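Single-structure report; data block below.
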Amino acid sequence: MTALARSIFKSILLILNILIFNNILAQTVPQNIDKNNDVRDSININKDSLNIKKDTIIPKEQLDDVVKTKAQNRSSSSISNKQTYLNKEAQIIYQDMQIDADYIRIEWETGKIYARGEQDEKGRIIKPAIATQAGKKYEYNEVIYNFKTKQAIAFNARTEESEGVIVAEKTKKYNDSVFFMRKAIYTTDEYFLKKKDSLPDYHMSAPNIKLLKGKDNSQIVTGPIQMYIEQIPTPLIMPFAILPFSDKRSAGILIPSFGERQDVGFFLNGLGYYQPIGDHFDLKILADLYTKGSWNLKPELNYLKKYRYSGNFAADYGYTVRGIKGLDDYSRTKTFRIAWRHSQDSKANPYFTFNASVDIVSSKFYNNTVNNNYIFNQNVLNTQQTSRVNVTKRFLNLPVTISASMGYNQNFATGVTDLRLPDMTVAINQFYLFKPRTGVRTGLLENINVNTGLALSNYVNTTEDKLFKKEMWDELKTGVKNNISMSTNTTVAKYFTFSLAANADNVLTTKTLERSYNPIVNQVEDKFNKGIAGYTTFSTSASLQTVLYGQKNFSKTSPIVAIRHMVTPSFSFTYSPDFGEKSWGYFRNYANSRGEMTPYSIFDGGIYGAPSAGLTQSLGFNINNNLEMKVRSKTDSTGVKKVKFFENLNISGGYNFAAERHKWSVFSVNGQSSFFNNKLNVNTSLTIEPYEIVFQEGSNTGIRTENFGHFSLQGFNLQLSYPMSEAIFGKKEEGSKKYKKKGEIRNENYFFDDDNYSHYSPTWTLNINANYSYTRGLTRLGNKVASLGLDGSIKLTPYWNINASTNYDIERKDLGYTRLGFARDQRSFTITFNWVPFGQYKVYDFFIGIKANILKDAVKYKERSFTQPNSTF
């Protein structure tokens with residue numbers, strides 16, 4: 001689109017908005033909904049001295065039923081005029097219609113009834129008249145009702161429908177199903193509905209409203225309608241509105257959002273249609289349209305069966321057009337997405353469950369989507385997409401669980417797709433070989449437990465262009481694996497726990513590897529040959545564990561009560577044979593580029609991996625420490641307070657007797673503790689290299705030698721977190737003690753001083769997070785990362801909240817992700833604002849939404865921007 005065309009397009013939109021806005025503002029909105037109108041009816045009433053003391057009965061040919069009346073003061077005109085006056089607590093009942101008012105005037109000849117609410121000395125209505133029909137109440141200042149035609153005209157009528165209320169300057173009832181209203185407002189403000197407030201916090205104003213009442217549902221149809229907040233007009237205007245009041249779903253048009261994106265032009269997002277299908281399905285078809293040629297179609301099918309299952313199918317399909325056709329920057333990219341969600345009710349069938357979460361997209365979908373929601377929800381940051389379908393079957397009388405699943409994983413960075421179709425497992429519930437019939441299990445034999453199962457897998461690693469084609473099926477890997485594990489434990493010498501374990505894996509695969517060196521291209525080539533082959537691996541282990549306590553008690557005069565140190569040492573020995581030996585047949589050799597024979601496993605790259613080479617005779621150790629101190633405290637009810645030096649300090653490592661080189665493993669130290677009444681949380685970890693690392697001149701990569709005892713720090717991590725709030729500065733005086741009066745302003749509770757000024761103590765939170773890490777490995781220079789994060793909020797009033805978060809990179813001296821937002825609860829609607837002021841995904845989000853279910857999807861305003869703003873109404 002040229003610059004001239006864009007200017008013309010913007011001008012047309014501006015003119016249309018001005019015309020609509022001026023048309024709405026030209027309508028007069030009643031500012032005082034309780035105002036009394038001076039209404040004259042056309043009934044000519046001649047007073048008569050006849051007082052009717054009993055209920056009046058009109059002959060059958062004039063009325064279909066008995067008319068019952070009562071009042072404190074009752075009078076009638078002459079019989080020839082057939083008129084009755086009712087004053088003070090007046091009431092008239094005819095069929096299902098009942099009118100209660102301060103004054104009622106009846107003309108029996110024409111069938112007209114005039115009713116008026118109670119007036120003060122200035123003629124203002126202070127108590128409305130109430131009409132009740134079919135159990136539903138209507139309030140009026142004044143009403144004229146014809147009980148023959150059942151038509152009526154009411155002034156300042158108040159009609160409650162569903163979650164809202166309509167107040168109209170003039171209401172005309174044609175029949176029990178059709179009402180016309182002029183200069184009306186509609187609101188769902190609960191305070192206004194319950195008459196706790198004389199003015200609603202928001203309302204929708206329309207010059208004309210038509211209320212259609214059905215047996216099972218009702219609906220409001222309006223002309224131009226505008227939203228007012230605290231009696232102030234807003235730019236939220238619609239040319240018309242249809243609001244159904246029914247528990248049943250109904251078809252209708254879905255209103256789009258509109259705006260402009262710099263890369264693809266002006267847009268309409270979410271234009272579509274909603275259609276319910278039967279009792280269990282509904283369908284939405286949405287479209288995104290852009291002036292530069294981009295478009296996207298989004299069908300969505302939802303289904304629900306109560307107490308059984310629920311789910312939905314959704315799709316995106318379209319083209320993203322950027323640039324000008326014929327120029328170098330022009331591109332046209334096809335995008336698609338297919339999603340399926342299925343969730344089974346947990347109570348539907350405890351022995352059979354089925355769940356699905358499928359989300360398949362084109363590799364460039366998120367980078368080229370024209371569905372703005374994915375940008376606002378930060379889906380554009382996704383580097384992977386995972387899909388999975390799970391089925392589980394259990395049996396009432398069998399200790400067996402059968403599970404099957406299909407998985408699909410996309411990596412957008414590499415373009416590689418992992419597909420599993422399907423994976424299946426058959427698991428036997430754990431059982432004890434020598435479980436006693438009665439009593440507690442004791443000794444090694446009685447505690448032997450067995451776990452076993454069978455797994456079947458089909459796996460392929462491929463690219464998007466090969467999906468479900470011959471190339472993919474040729475690369476598919478299939479395998480079966482059986483696992484058996486046994487373990488037992490017993491107590492030795494009362495203080496030690498001794499455990500034994502054994503594990504065996506039996507694997508069958510349909511492909512084996514053949515590796516060779518190709519001197520022509522100077523690289524190693526792998527070829528997979530079809531054919532069934534298998535291998536078996538096993539290992540055994542034994543461990544011994546105990547708990548040691550040490551405690552130092554101090555005198556009664558010492559501020560320290562005691563110091564306790566708890567040590568939990570454990571030692572384990574693991575044995576596994578060398579499956580790389582020729583006798584097993586799992587490994588072969590190939591000649592590398594230097595002619596050296598290099599071993600490899602024929603199961604490398606297989607679906608269940610390959611057996612390990614090398615004999616394992618490893619001794620591992622783990623020492624866990626807990627160090628605490630008790631000190632005397634006047635603030636604690638027990639008189640003592642616990643101080644934790646280390647909640648957990650763990651040291652671990654290992655020694656492999658069978659290893660030819662580097663028998664010692666790397667040592668690890670992990671610690672966790674908290675200070676200042678458990679407010680400051682500290683987590684730390686260390687990695688220590690026991691062998692000397694030497695660097696050759698000019699090289700930044702070291703060589704690990706056999707020189708043991710030269711301990712060096714290879715990694716360090718420290719994380720600190722400290723939550724703060726107003727309570728950290730001491731307990732504040734409660735408002736009920738400081739101020740005698742308590743009251744409410746709008747929907748917020750406050751305390752009031754003697755001068756009737758309201759007081760509220762703001763509450764706030766601030767979470768401080770710091771992180772420092774150092775990683776070296778075999779490099780000469782390590783890598784450092786240091787950051788400081790802040791996340792906090794403050795409640796200025798009970799319903800006004802401001803929140804913010806930021807992150808500062810200390811090493812790079814740069815601010816990271818920063819967000820600022822506020823939220824305001826306005827009784828019947830909410831206002832939120834969130835802003836990311838800088839960075840790659842700079843965005844702001846402003847939202848006004850009605851809480852009531854009837855309007856939450858129909859009346860809302862949302863504006864977001866990352867290049868240009870867009871809004872939704």
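Listed by chain and number, the lysines placed with their C-alpha closer than 28 angstrom to that of residue 741 are 194, 195, 196, 731, 732, 795; residues fewer than eight positions away on the same chain are left out. Checked against a 29 Å cut-off, the cross-linked pairs 298/470; 298/347; 150/183 give Cα-Cα distances beyond that limit for 298/470; 298/347.
Under a model in which nothing but the beta-carbon of Lys, Arg (+1) and Asp, Glu (-1) is charged, region 84-224 shows a dipole of about 420 debye around its Cα centre.
So which of 393/469; 112/215; 112/210; 68/137 end up more than 29 Å apart, counting from Cα to Cα? Listed pairs above 29 Å: 393/469. Considering only 543, 496, 509, and ranking their Cα positions along the charge dipole of region 470-561 that arises from unit charges at the beta-carbon of Lys, Arg, Asp and Glu, the one farthest toward the positive end is 496. Charged neighbours of residue 310, selected by a Cβ distance under 14 Å, balance to +1 (K, R count +1; D, E count -1).
In a DSSP loop and with at most 16 other Cβ atoms within 10 Å, the chymotrypsin sites (Phe, Trp or Tyr not before Pro) in region 647-679 are 657, 676. For the peptides 490-498, 409-417, the ranking by mean Cβ contacts within 10 Å, running from highest to lowest, is 409-417, 490-498.
Taking other residues whose beta carbon is less than 14 angstrom from the beta carbon of residue 633, and scoring Lys, Arg as +1 and Asp, Glu as -1, yields +4. Loop-located GluC sites (Glu not before Pro) across region 166-257 with a Cβ neighbour count of 13 or fewer within 10 Å are 230, with loop assigned by DSSP. Loop-located trypsin sites (Lys or Arg not before Pro) in region 68-158 (DSSP state other than H, G, I, E, B) with a sparse environment of at most 10 neighbouring Cβ atoms within 10 Å: 122. Taking 24 Å as the limit for the C-alpha separation, the pairs 170/213; 305/364; 679/813 exceed it in the case of 305/364; 679/813. What is the list of residues in region 640-656 whose amide nitrogen lies under 16 Å from a point 7 angstrom out from the Cα of residue 578, following Cα to Cβ? Correct set: 656. Summary of packing: across the peptides 316-328, 549-561, the per-residue average of other C-beta atoms within 10 Å ranks them, highest first, as 316-328, 549-561.
Bear in mind these aren't lab numbers, they're just calculated from the coordinates by the rules spelled out. All values reported here derive from a predicted model rather than from experimental measurement. With ideal geometry, Cβ positions are generated from the backbone for all residues, glycine too; neighbour counts draw on all protein chains shown.
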